[in-house]
């Protein structure tokens, strides 16, 4: 592949999300005008606020769990499994990890390690239920994971939080015991401040970001460099061909589900290890669904997912100012996110059709350009 | 018939249709007289299907004009074509299996009573009229899923007639039929013609075309190269017109076969989901350097037998031995790694990852071994280099190995599959319909490859619906009928006709 075609490919890959984002902002501008706000003022405020150092820290802190959630969803997507259950999986994982972390006192690294292991295990176990149901009883994973979300969010977690609540503290929201210093991830402020001014307003850049980055790299290596990743992708593209190619379909479903759940288990770690240090009734929800959006936006590619997560994180973080200034409603951000997603899905389809046509054309040209000089079999 | 003064049923003048990078139809001129059976022949990729799609309004031509009964027409959908009395019977039947014949025929054009209820009585009457007029004998109350292939085709034809078509387009109607059914079809076609219908049909089996057609038009590379009278040409002449050069034929050169069994089946029975045997007590031994052909009408257990050997069939009893190892309980991967090469009958469904690049497609099925893998890692460099080798050695015409499989023509896709299987040094090759739907050039290449591998000692199980291919390539042919092996014949002294008799159970 020469440089020109590489550039062309990258250009094509970026065209769709860029178009989608531009379209989303124009539509949002229209909505703002209709509702009586000035879009230029609102976007200007968001941009100004969003480029402030503290807001950038916020953006990254919000992007971290979204990215992990996106990876979790992407693992499923790669295998054509719709794991809608990232939501329930990360909440269950966060609860048990926080409870375990709060219950023990261990040396620093071990303590964090334990919390992470518990989170990954619980996440995988909870998604594993859907996997086992699909493999043994043929239950569609969309249905089972939606149900499992319901069971976790509306049933198990409220019960568990109350049952295991630690009332010793001054907190008025029931939750698990706060994790002690040894079980917290350090802030990255020190590192960032080497290059920038001091980060103010009590903002701290969580080092869970590094875990997310590591997961991203692992995901990429796993998917595109290992035999197992090849099997997973093959099953996702064409399960029948993969099957006669020696890929056991049932086992792949189970493993993909477990891996997806394991990644989902890490989604809540920003809150548990760097923010709240416990699981309580106000624990952040909805990241599982955000992850699906981000995975779709990023086309299951780790860099794409990262860009999507940062974009969504930026929109969330920068829009806070709108509430204060009153120049627009901050819900405009939700509209933008929704439209980006919808437009991106459409744009991707358009681009991929264009690319298919292009490739077919090239193949047809190759067919004409090379009149057979030697018949393949003739050599025998 | 065919009065000279009435305008032709269909006339095409200078029809040109371009697709990205290819000209599918290039200045096609065609005149179909009223009330004749007109055959269009040409190899795969010659533009026959595109031409039919244009005639049936599925695709508009880029240039040229179309006249139906002397009037210029422009179709923007099949609906327009139907309104002009043109109907099409597709190669792949478009019937709803779980509905009755009658329901299928009226589907989409139901006679209505009040409140939108379907007037089955009117439909039945009309159907009976059609049936008796054309001698098409089908019971309207039968479920389509219970019908034989030939009957299904008749339902398709009636369906088209029911919509008032007087000009019928039949797309490779004989491809799915055994010789006896073909005769039945031809009888029907003649009766339709007697009643004044015009039939335009596509085929590439030349003997058949010569037997039935009143006029034959030959397409080559999108152009109409000749329109001939079947009484004045031979099959050889036609073939030369189609290919433009000498015709390849599938013939196995040498005859020596070793006595070492490579694949041995003993009493293999396969049950379907309803626990009914679809393959029953099949015993078969394939020796090194031997090609064993399996003949049979599709749906008589060949597919399930292949599944059993590859390891994807549901319930299998009996013994399957590869070399001298019993592989009956092995999972698919172990069998493939153990030396079973597989060319699936439907390359899109089981053979390829259509949206993945060629080099990944080359690795499929062999991703556990060098050169595609090193330990738990995919060896990208090794896989790519090896794919380049396959592309060169097996003449896969592609812009690059990063092109996705979807972009390649069927013949080139198939050459890639054959290449990846044969270069993985298999002990046994299961080749199911290896040349189905690919052009003559690719077909010859695939035959050459299989023959060459046989010379190197490969044992091959060849399943094919192309009886000439079976007879030409095989050292031995067994016939499957209703899940059993009912006959074994020597390809040296069997004719397609005899085989057909075994395949339909007529010779039993």
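The numbers here are math on the coordinates, done by the rules we state, and not lab data. Everything quoted here is computed from the prediction, not taken from an experiment. So basically every Cβ, Gly included, is an ideal-geometry build from the backbone, and we count neighbours across all protein chains shown.
Between residue A:52 and residue A:9, the C-beta separation translates, for a Förster distance of 35 Å, into a calculated FRET efficiency of about 0.50. Counted over the stretch B:370-501, the DSSP beta bridges are approximately 60% antiparallel. Computed from the Cα positions only, the extents of the stretch A:133-231 along the three principal axes stand at 56, 46, 22 Å, in decreasing order. Contact order for the stretch A:139-209, expressed relative to its length and based on alpha carbon pairs under 8 Å spaced 6+ residues apart, stands at 20 percent. Estimated translational diffusion coefficient (Stokes-Einstein, Kirkwood radius over Cα pairs, 20 °C, 1.002 mPa s) of the stretch B:115-234: 134 µm² per second. Legend: Rg and Dmax of the stretch A:1-73, from Cα coordinates, 17.0, 52 Å. If a spin label sat at a point 7 angstrom from the Cα of residue B:370 along the line to its beta carbon, no backbone N atom of the stretch A:198-242 would be nearer than 13 Å. Taking the C-alpha atoms only, the angle from helix B:149-162 to the longest principal axis of chain B is near 30 degrees. Counting helices only, and only those DSSP H runs with n ≥ 4, report the 222 nm mean residue ellipticity of chain A as the sum of -39,500 (n - 2.57) divided by its residues, in deg cm²/dmol to the nearest 500. Taking each H run of at least 4 residues, the total per residue is -23500 deg cm²/dmol.
Extending 7 Å from Cα along the Cβ direction at residue B:211 and again at residue A:110 yields two label points whose distance is 8.6 nm.
Per residue, the convex hull spanned by the alpha carbons of the stretch B:125-179 comes to 94 Å³.
Each peptide in B:317-327, A:177-187 receives the mean, over its residues, of other Cβ atoms within 10 Å, and ordering these scores from highest gives A:177-187, B:317-327.
If you take the beta carbon distance between residue B:117 and residue B:31 as r and set R0 to 41 Å, what does 1/(1 + (r/R0)^6) give as a FRET efficiency, to the nearest 0.05?
Once rounded, the FRET efficiency stands at 0.35.
The Kirkwood radius of chain B, taken over pairs of alpha-carbon atoms, gives through the Stokes-Einstein law at 37 °C and 0.692 mPa s a diffusion coefficient of 133 µm² s⁻¹. The gain in end-to-end length when the residue B:98 to residue B:334 segment is fully stretched comes to 81.1 nm, 0.36 nm per residue minus the alpha carbon separation.
I need the peptides B:380-391, B:226-237 ranked by packing, meaning the mean over residues of other C-beta atoms within 10 angstrom, with the highest value on top.
Values: B:380-391: 18.5, B:226-237: 13.2.
Going by the mean number of other Cβ atoms within 10 Å, highest first, we get B:380-391, B:226-237.
What is the angle, in °, between the Cα long axis of helix B:120-134 and the longest principal axis of the Cα atoms in chain B? Nearest 10 is fine, range 0 to 90. Relative to chain B, helix B:120-134 is tipped by roughly 90 degrees.
Across the stretch A:268-375, the mean sequence separation of Cα contacts (distance under 8 Å, 6 or more residues apart), normalised by length, yields a relative contact order of 15 percent. When Rg and Dmax are taken over the Cα atoms of chain A, they come to 23.4, 86 Å. Mean projected area of the Cα convex hull of the stretch B:42-104, taken over all directions, amounts to 5.9 nm². For the residues of B:452-460, the average number of beta carbons from a partner chain within 10 Å of their own beta carbon is 1.
In this rough spin-label picture, where each label sits 7 Å from Cα along the Cβ direction, the residue B:497-residue B:62 distance is 4.6 nm. Averaging the Cα positions of each part gives two centres, and for the stretch B:406-438 and the stretch A:51-93 these lie 42 Å apart.
Enter the angle in degrees (range 0 to 90, nearest 10) between the Cα long axis of helix A:141-150 and the first principal axis of the Cα atoms of chain A, meaning the one along which they spread out most. Approximately 10 degrees, to the nearest 10.
Counting, for every residue in B:308-318, the Cβ atoms of other protein chains within 10 Å of its Cβ and taking the mean gives 1. Comparing Cα centroids, the stretch A:111-131 and the stretch B:297-366 end up 37 angstrom apart. Here the stretch B:399-508 is treated as a Stokes sphere of Kirkwood radius computed over C-alpha pairs; at 10 °C and 1.306 mPa s its diffusion coefficient rounds to 103 µm²/s.
Equivalent-ellipsoid semi-axes (√(5λ), Cα gyration tensor) for the stretch B:374-440, whole Å, largest first? Kindly include the intermediate steps, with their values, before the conclusion.
On the way: eigenvalues 91, 56, 19 Å².
Result for the stretch B:374-440: semi-axes of 21, 17, 10 Å.
Past the 18 angstrom mark, what percentage of all C-alpha to C-alpha distances in the stretch A:246-356 do you count? Before the final figure, lay out the partial values.
Details: 3961 of 6105 pairs.
Counting pairs separated by more than 18 Å, the tail of P(r) holds 65 percent.
Centre-to-centre separation between the Cα atoms of the stretch A:139-166 and those of the stretch A:257-325: 19 Å.
Annotation: extensible slack from residue B:259 through residue B:377 equals 38.5 nm (criterion: 0.36 nm per residue apart, minus Cα-Cα distance).
With helices as the sole contributors, chain B gives -9000 deg cm²/dmol at 222 nm; each DSSP H run of n ≥ 4 counts as -39500 (n - 2.57), and the sum is divided by every residue.
Need one number: % antiparallel among DSSP beta bridges in the protein assembly as shown, to the nearest 5.
Details: 49 of 83 bridges.
Counting DSSP beta bridges with both partners in the protein assembly as shown, the antiparallel share is about 60 percent.
With R₀ fixed at 45 Å, the C-beta to C-beta distance from residue A:221 to residue A:162 puts the FRET efficiency at about 0.60.
Here the ratio of the Cα radius of gyration of the protein assembly as shown to 2.2 N^0.38 Å is 1.13.
Within the stretch B:306-440, DSSP assigns beta bridges of which about 55% are antiparallel (rounded to the nearest 5). Counting only other chain Cβ atoms within 10 Å of each residue's Cβ, the peptide B:342-352 averages 3.
The value obtained for the stretch B:234-392, namely the Cα convex hull volume divided by the number of residues, is 195 Å³ per residue.
With contacts defined as alpha carbon pairs under 8 Å and 6 or more residues apart, what's the relative contact order of chain B in percent? Computed value for chain B: 14 percent relative contact order.
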